[in-house]
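> Pasting a structure below so you can have a look.
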Amino acid sequence: MTGPYAPTARAAWMHAALVVLAIALVVTVVPDGPWRPAAEIVLYGLGLAGVLTALRVHRTPLVVAWFGVAAGLALFALSCVADVAALAGLAPEISAPLESALDVAAYAALAVGAVGVVRGGRRRRDWASWTDTLTLLLAAGLILLAVQGDRHESAGDVIEVSVGTPVLIAVLLIVCVPLALTRGRTATTTALFAAATLAVAAYGGAILTGSAPRGSAVLDPLSLLPLAALCLAGRHPSVTALGPGPAAEGDTTFGRVVAVGAVLLVNPAVLVLWTADHGVIGYALGGGSTLLTGLALWRLAALTRERERARAALAASEARLQILLENAADVIAIVDAAGSVAYMSPAVQSLLGRPPADYVGRDAISLADPRDQPRLQAAVAAAGRSPGGGSGVVDTDIRVQHSSGGTRWVEMRISGRVDAVGIEGWVVNFREVTDRKLFEDELRRQARTDPLTGLLNRTAFNERLVSATADAGPGTSPGVLFVDVDDFKDVNDTLGHAAGDELLLAVAARLSADVRGEDVVARLGGDEFALLLADADGIRLREVADRLLTALRAPVRVGTRTITVTASIGGALGTAGCTAEELLHRADTAMYAAKRTGKDSHALLGAAEDALP
């Protein structure tokens, strides 16, 4: 091979075609004698050039395997040199044994190459690879024993048949068949399979016919055509894809099934080969064993395909589920029977600020805000047990802790306890509702708050008053002060409503400043205010009323003017059995009594509606 090299598929096929043409010329034109092995040296040289292309140009990952093949071809070429010398009568006592030794070394090199395919790129502790290697060697040994038996001949043709055939059969069954069926059926794998098949056909035919391949018009070209297949395998660019292992997990599984099936074929092959030499009923046994093995392999392959289809469907389903979980706004969690988080979907990171792995194994209740943990435990208990997962669902809103240290409100749905394949515990879905909760809180605040002053409104005051009167006992008397600003209408009429609003704000601030923290101040409407003293008596009721009158008399800056206002205050004490409506009515009545006395004063009533001293 001279000239620029183009490592293309077309060049590979042309090289293989050249070898086929050369084989045809050698078989049909070259006469027997020393010229025949001399011509075969050229054929082995062409084959060696193709194999070296895989190593030097394509840089195949299976270096050991292709070096073994190259060494085998080189040794076969040297064997032909020794054969030329022996046929020419040059030191036959040395050249004949040397030829046999070189043939044995060549087959050993091919065996090393086969082991290189099986072991290529594997780790030292890859026990499956070691098992495949031992299987290859055991298969070769069994076939060798079946062919050789009790023979002790050492002639060159006998060596080729009794040693070469077992090695080639083992290579075909253990290496070439799985390669051709599991590597995507590239040109390289198919060519390797063809090379081994042609070689086995040639030398196996020699066993069955009892003649040497070189003396048969059919077996002779069959024994040389593997060189063309090896040239195609080595020169074709697809040799780079012939790596240490298949790319896909399914390819690995199928390849091992094929390898196991190929090993099983050794048994009927051994019977047939043994029968060829001993003439017993092994043909029937071998044929029947082959049939049974083939049926078993066919079913095994069908089951493998079904398993791979199921695996592919499961992988597609898992991929779809993963995509849905990764793009879902809701968080999905699985809590095991012990109460620990077994799974958390990716959405939790955007919600709580940590990746899902940080939550797996943590106590699920501890993720909630301590204030809401008892409520969450009650929700889980209320969910009950749901073997089918279709009932016992509880919805609740709780606060969960954020990685930043704050909390987030979530709307949570807790399933009943599920006992299913892969899940034993609770399935929890939750989404953030912090904005909604804040909005709801704001609506509730607005519904209970006076929009101008920020004090409680009449509705909220009445609720607090109902609670205070319901809890009143012999030693606890709630008190109510009803405050009405005197002549407030005149302020609105003369200074405007904006000034009136400023005045009301000032009154609200002074009322709030002159009571205790547990007391309640509210604006009932217009210029009317009310105070609820949680625990009062006549003395405290009078003290608070006096402080309020004094505070309200202080001048107030309204717009650009300073004015002075007063108020009329009515007070009443409640006792056990007194309703909120009754107590507020009594305070209102007392306030009107204060106005009738000249305003800027207070009127206080006891429990029996007697004026307090």
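> Magnitude of the Cβ-charge dipole of region 331-438, K/R +1 and D/E -1, about the Cα centre, nearest 20 debye?
180
> Here's a follow-up. In nanometres, what is the gap between the two model label sites at R547 and V64, each 7 Å from Cα along Cα-to-Cβ?
Placing both labels 7 Å along Cα→Cβ, they lie 9.6 nm apart.
> Using the Cβ atoms and a cut-off under 12 Å, what net charge is assigned to the surroundings of M412, where Lys and Arg are +1 and Asp and Glu are -1?
-1
> Note the full-extension length gain between E518 and R362 as 0.36 nm times their separation in residues minus their Cα-Cα distance, in nm to one decimal.
Full extension of this stretch gives 52.1 nm more.
> Shifting gears a bit: Could you give the length gained by full extension between K599 and R305, i.e. 0.36 nm per residue of separation minus their alpha carbon distance, to one decimal place?
Here the answer is 95.8 nm.
> By its C-alpha gyration tensor, with a ≥ b ≥ c as the square roots of the eigenvalues, how is region 443-548 shaped: rounded for a/c under 1.5, else prolate for a/b larger than b/c, else oblate?
Here region 443-548 falls in the oblate category.
> At a threshold of 8 angstrom on Cα-Cα distance, excluding pairs fewer than six apart, so keeping six or more, what relative contact order does region 449-605 reach in percent?
31
> Bin by bin, in steps of 10 Å, what percent of the Cα pairs in region 1-112 do you find, going until the bin that has the longest distance?
Here the calculated profile for region 1-112 is 14, 37, 34, 13, 2.
> Here is a follow-up. For R436 and D395 in the same chain, what is the full-extension length gain: residue separation times 0.36 nm, less their Cα-Cα distance, in nm?
13.2 nm
> How much FRET efficiency would the formula 1/(1 + (r/R0)^6) give for A108 and R56, where r is the Cβ-Cβ distance and R0 is 35 Å, rounded to 0.05?
Once the sixth-power term is evaluated, E becomes 0.90.
> If Rh is defined by the Kirkwood formula over all Cα pairs and Rg also comes from Cα, what ratio Rg/Rh do you get for region 331-438? Walk me through the numbers before you get to the answer.
Details: Rg = 13.0 Å, Rh = 13.8 Å.
Computed over Cα atoms, the ratio is 0.94.
> Which aspartates and glutamates, if any, have their Cα less than 17 Å from the Cα of K595, not counting same-chain residues under 8 positions apart?
Reachable aspartates and glutamates: D484, D486, D487, D490, D527, E528, D546.
> Could you state the number of Å between the C-alpha centres of region 540-613 and region 401-472?
37
> At what distance in angstrom do the alpha carbon centres of region 301-361 and region 229-243 lie from each other?
Here the answer is 42 Å between Cα centres.
> Still on this structure, please answer the following. Tell me, what is the FRET efficiency for I94 and I41 to the nearest 0.05, using R0 = 22 angstrom and their Cβ-Cβ distance as r? Can you show the working numbers first?
Details: r = 19 Å, r/R0 = 0.85.
So the FRET efficiency works out to roughly 0.75.
> Packing-wise, with mean Cβ within 10 Å as the measure, how do 230-237, 103-110, 504-511 rank, highest first?
Most protected by this proxy first, the peptides run 230-237, 103-110, 504-511.
> Just to be sure I understand: if I project the alpha-carbon convex hull of region 459-613 onto a plane and average over all orientations, what area do I get in nm²?
8.6
The numbers here are math on the coordinates, done by the rules we state, and not lab data. Here the structure is a predicted model, which means the values were calculated and not measured. Methodologically, a virtual Cβ is constructed for each residue, glycine included, from the backbone with ideal geometry; neighbour enumeration extends over all protein chains shown.
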